[in-house]
């Protein structure tokens with residue numbers, strides 16, 4: 001038997017491989033002893049330091065559904081330093097490849113997030129699909145609050161952000177989309193904001209009695225003093241951060257976002273309340289119209305060398321609720337076309353008003369979130385370069401672009 | 001002649017080689033210099049490669065002998081040995097390059113601290129084994145691997161297609177024709193898969209529709225690679241150069257799948273493994289070229305050929321300090337000229353030599 005084995009070259013090779021690699025392998029410490037699995041990361045700026053917080057999955061049996069989530073944090077002079085310190089705190093290397101949400105605290109967002117994201121993407125520490133979120137306070141506090149609510153923070157956040165955008169409130173961005181905007185030359189992005197407010201406001205309470213024993217989230221790191229108050233509420237109501245050149249310039253309200261989302265193709269649903277409609281069907285009525293679908297096309301052109309972009313948008317809408325003379329009219333059958341001429345005209349006026357406000361706001365901050373400049377460059381490169389050559393300050397190219405909006409409203413039952 | 005490849009095996013081998021060698025780091029490397037025109041660089045290189053592959057198929061059909069036996073008969077021993085040395089050096093470099101890409105994939109995706117010497121040792125064992133086997137052994141393995149390769153390509157496509165924005169391909173010729181031609185030349189090292197077909201000469205059983213099957217295989221692999229490259233550019237756009245492992249990165253697009261299913265692991269494991277077989281195939285080509293050079297002087301020429309090959313491979317790895325960036329700079333700035341001469345000029349010269357070749361003698365197996 002031994003002779004047979006020793007005569008076979010392949011067997012000798014296998015024996016050599018086994019004798020070298022088996023001892024190495026069995027002496028290796030298992031990876032779960034050396035690495036943690038983070039599902040969300042929070043980044044804050046504190047004076048000259050960065051504070052990195054992570055929600056870590058602790059793979060052990062727990063009496064509460066969210067007992068497997070702990071929040072750890074550490075400070076450092078730069079992001080890498082903070083990550084290394086975090087690993088030292090935890091006694092394990094912080095593994096971020098399963099992170100699907102990154103929260104930026106208020107100060108961090110103001111300072112700028114593009115370089116941090118670039119670092120994460122280039123160093124392959126994160127997957128590039130993590131959803132970006134800003135918050136109006138500290139990211140650390142938001143992670144703590146959410147750990148008490150839900151042990152799958154990342155799924156909830158992704159779902160919320162995406163639904164917001166579809167329903168014309170808010171916006172969502174991933175690392176990938178943010179950096180693409182940042183490097184595209186338009187330099188502007190919209191990032192959804194999850195706010196931390198008081199419990200008399202709308203949102204999800206982070207103080208649910210069922211989760212009060214979430215020891216991991218409260219005891220995991222004594223080095224950071226939480227600012228959150230006990231009645232903290234996590235609110236996702238459509239506030240959105242407008243980033244220009246990687247820095248947060250302004251927080252856009254949900255109403256303003258309706259205007260931005262008029263031009264953004266992904267948003268297809270929403271509700272607009274029209275007040276004081278009067279015609280054959282309505283008498284000074286408040287009509288709640290829901291947008292069921294939206295088809296948007298763009299036309300690029302130039303007039304006297306000035307670029308102009310015309311949006312042709314077809315809305316399909318449905319009247320959902322009518323309040324007439326202080327009484328809710330509840331019978332909405334298919335026998336009448338509730339989307340009357342007056343409703344259409346009022347709707348067009350309202351949408352145009354939202355849209356004009358958003359264009360003005362975007363021009364005020366030189367934030368081409370509609371990617372108009374990119375579209376002109378892609379499809380009319382020669383004319384666009386001619387236009388740019390005539391400008392003394394090319395960074396102001398967006399300011400002169402003319403926007404036109406053609407709306408068509410169709411009713412559905 | 002029972003150790004010859006079947007036409008099916010040859011076609012499968014071509015498909016796997018073309019797909020796996022182009023879909024790892026190349027799209028990212030090219031898009032760094034050509035941005036959204038990267039797909040045009042691929043297209044230009046593939047058109048040239050396809051034309052050359054037709055020449056190679058002509059040689060395969062016409063010549064019954066092994067490549068070096070055929071060359072020896074036509075141009076003499078000394079010139080043939082020189083050609084064999086030149087070809088073997090090219091394949092040593094190709095092996096080094098794919099080992100580098102393989103390392104990057106394992107290092108980035110498997111998420112472990114990899115010990116470089118141990119990694120190279122494991123690869124060396126693999127090379128020794130595959131490189132010293134016959135071509136039909138590799139062919140048989142590829143016949144099994146093609147299913148998993150095909151499955152992982154389809155899976156990557158399904159996951160990523162929805163996120164692809166075709167507008168990202170515009171404007172065409174963003175950096176001009178010169179940029180495309182220049183990058184096609186700089187990256188010619190990653191192309192020229194028809195060179196493998198030189199080793200099919202005398203090693204493929206001649207069957208009905210051989211020409212058609214090989215052409216189909218080449219065209220299909222070009223189509224697959226072009227599709228994935230276009231999707232890659234459409235998905236990542238400006239950040240494409242940051243995504244160093246194309247086929248693996250596009251499989252990680254869907255956050256829900258990442259959190260719940262991690263289907264991307266299928267792709268993450270298959271492509272590094274396939275690329276190891278690719279290294280094995282290139283090492284076969286290098287080892288057999290070296291073997292031809294020394295077989296008249298050394299008795300156990302196969303073992304010595306393997307050792308010489310490993311020596312050059314180790315020298316290349318040490319010379320570039322285990323660093324893929326240094327090696328990449330060398331490949332696009334210096335090796336591309338050498339590669340161009342061997343891949344295109346030498347191949348064309350071999351084609352010219354084969355045109356008037358009429359005698360079909362039973363050749364010896366090297």
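The values are calculated or read from the model by the stated rules, or taken from the named source; none is laboratory data. Bear in mind the structure is a predicted one, so any value in this text is a computation, not a measurement. Cβ atoms come from the backbone with ideal geometry, glycine included; neighbour counts cover every protein chain shown.
Taking region A:142-176 only, how many residues are at pLDDT 85 or above and within 11 Å of chain B (Cβ to nearest Cβ)?
3
Checking residue A:97 against (1) under 27 Å from residue A:136 (Cβ atoms); (2) surrounded by fewer than 22 Cβ atoms within 10 Å (Cβ to Cβ); (3) within 21 Å of the chain's Cα centre (by Cα), only one condition comes out false. Which one?
(1)
Within region B:223-332, which helices (runs of 4 or more DSSP H) (wholly inside it) include 2 or more residues that are in contact (Cβ under 8 Å) with a residue 24 or more places away in the chain and within 14 Å of chain A (Cβ to nearest Cβ)?
Answer list for region B:223-332: B:246-249, B:264-294, B:301-319.
Specify the residue that is modelled with the highest pLDDT; the eligible residues are those in region B:333-358 that are assigned to a loop (DSSP other than H, G, I, E, B) and farther than 15 Å from residue B:68 by Cα.
B:356
Is it true that residue B:40 is at pLDDT 95 or above, surrounded by 19 or more Cβ atoms within 10 Å (Cβ to Cβ), assigned to a helix (DSSP H, G or I) and away from every other protein chain (no Cβ under 14 Å)?
Taking the combined requirement at face value, the residue satisfies it.
Can you tell me which of B:86, B:79, B:71 is away from chain A (no Cβ under 14 Å), touching a helix residue (DSSP H, G or I) at 6+ places or on another chain (Cβ under 8 Å), without any contact (Cβ under 8 Å) to a residue 24 or more places away in the chain and farther than 24 Å from residue B:207 by Cβ?
Exactly one of B:86, B:79, B:71 is away from chain A (no Cβ under 14 Å), touching a helix residue (DSSP H, G or I) at 6+ places or on another chain (Cβ under 8 Å), without any contact (Cβ under 8 Å) to a residue 24 or more places away in the chain and farther than 24 Å from residue B:207 by Cβ, namely B:79.
Being over 30 Å from residue B:312 (Cβ atoms) and in contact with a helix residue (DSSP H, G or I) (Cβ under 6 Å, 6 or more places away or on another chain), is that true of even one residue in region B:279-288?
Looking through region B:279-288, none of the residues is over 30 Å from residue B:312 (Cβ atoms) and in contact with a helix residue (DSSP H, G or I) (Cβ under 6 Å, 6 or more places away or on another chain).
Among (1) buried (at least 20 other Cβ atoms within 10 Å of the Cβ); (2) farther than 30 Å from residue B:167 by Cβ, which single condition is residue B:211 missing?
That leaves (1) as the condition not met.
Scan the helices (runs of 4 or more DSSP H) fully inside region A:1-117 and keep the ones with 3 or more residues being away from chain B (no Cβ under 14 Å), under 30 Å from residue B:119 (Cβ atoms) and touching a residue at least 40 places away in the same chain (Cβ under 8 Å).
By residue number, A:79-90.
Looking for something touching a strand residue (DSSP E or B) at 6+ places or on another chain (Cβ under 6 Å), more than 14 Å from chain B (Cβ to nearest Cβ), surrounded by fewer than 17 Cβ atoms within 10 Å (Cβ to Cβ) and under 30 Å from residue A:289 (Cα atoms) - is there at least one such residue anywhere in region A:390-402?
Yes: one or more hits.
Just to be sure I understand, how many residues within region A:127-141 are more than 11 Å from every other protein chain (Cβ to nearest Cβ) and surrounded by fewer than 23 Cβ atoms within 10 Å (Cβ to Cβ)?
Total meeting the criteria: 2.
Just give me the residues in region A:380-389 being part of a helix (DSSP H, G or I) and surrounded by 15 or more Cβ atoms within 10 Å (Cβ to Cβ), in sequence order.
Hits for region A:380-389 are A:381, A:383, A:384, A:387.
Exactly one condition in (1) assigned to a strand (DSSP E or B); (2) surrounded by 16 or more Cβ atoms within 10 Å (Cβ to Cβ) is false for residue A:354; which is it?
With (1) assigned to a strand (DSSP E or B); (2) surrounded by 16 or more Cβ atoms within 10 Å (Cβ to Cβ) applied to residue A:354, the lone miss is (1).
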